[in-house]
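So the structure is just underneath, and the comments pick up after that.
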Amino acid sequence: MTPPNDVVRAVEAVLFAAADPMTIDSIRAYVGGGDVRAAVEQLARDYAGRGINLVQRGDAWHFQTAADMAHVLRRDREEVRRLSRAGIETLAIIAYHEPVTRAEIEAIRGVQISKGTLDVLMEAGWVRPAGRREVPGRPLTFVTT
């Protein structure tokens, strides 16, 4: 690796700070004079085989994480989600009275429940649809999982 000159260092700084890939002309607008294309190609060689690479997409250049390092950056983390009071009440009613319809939940709670409350419980995997009642309107019933 050759010692970086001022043009190479300037091109590296511009590309590193750029939010989007940049063309040679847009880099030149920041750097000014010098052989920008040669500087970009030298940087691409210098960064080859490292944790980040300078890559060309179409006619634009940008830094990206090396493909073989993707597994290092992937994180499986649990997202702590707190249930609202309405969600807790709805879950308790479903657990105690299952299978139960939306209308029955509303009658027990004394207020309407928003569709989002049941969606949150289903997304969390605590409640699931359990079929339909054989009454007029065929309302959907819910049970715990």
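Read-outs: derived from the displayed coordinates by stated rules, not from any lab. Given the structure is predicted, the values throughout are model-derived calculations rather than measurements. Cβ sites come from the backbone with ideal geometry, for glycine too, and all protein chains shown count toward neighbours.
Miscellaneous remarks
- Once you reduce the stretch 82-139 and the stretch 1-74 to the center of their Cα atoms, the two points are 54 Å from each other.
- Approximate spin-label separation GLU106-ALA19, in nm, with each point projected 7 Å along Cα-to-Cβ: 4.5
- One quarter of the surface of the convex hull around the alpha-carbon atoms of the stretch 18-145 equals 14.2 nm², the direction-averaged projected area.
- In sequence order, calculated HN-Hα J values of the stretch 131-141 (Karplus, 6.51, -1.76, 1.60; Hz; x Gly/Pro): x, 10, 6, 8, 10, x, x, 6, x, 6, 9
- Electrostatic tally near TRP126: other residues with Cβ closer than 12 Å to its Cβ, Lys and Arg +1, Asp and Glu -1, net -1.
- Built amide H within the under 5 Å cut-off of ARG132, gap 5+: THR141
- Average silhouette area of the stretch 85-144, convex hull of alpha-carbon atoms, in square nanometres: 3.7
- Sum of side-chain charges, ILE93 neighbourhood, beta-carbon under 10 Å (Lys, Arg +1; Asp, Glu -1): -3
- Taking GLU79, GLU41 and counting other C-beta atoms within 10 Å, the order from fewest to most: GLU79, GLU41
- Low-density loop cleavage sites - trypsin sites (Lys or Arg not before Pro) in the stretch 67-145, where at most 10 other Cβ are within 10 Å (DSSP): ARG74, ARG75, ARG77, ARG81, ARG82
- Couplings 3J(HN,Hα) of the stretch 50-61, computed from phi: 9, x, 10, 10, 9, 10, 9, 10, x, 10, 10, 10 Hz, in residue order, whole Hz [Karplus 6.51 cos²θ - 1.76 cosθ + 1.60, θ = phi - 60°; x for Gly and Pro].
- Between ALA38 and ALA124, residue separation times 0.36 nm minus the direct Cα-Cα distance comes to 25.6 nm.
- Annotation: amide H of ASP35 has no partner in the under-5 Å range at sequence separation 5 or more or interchain, hydrogens built in the peptide plane.
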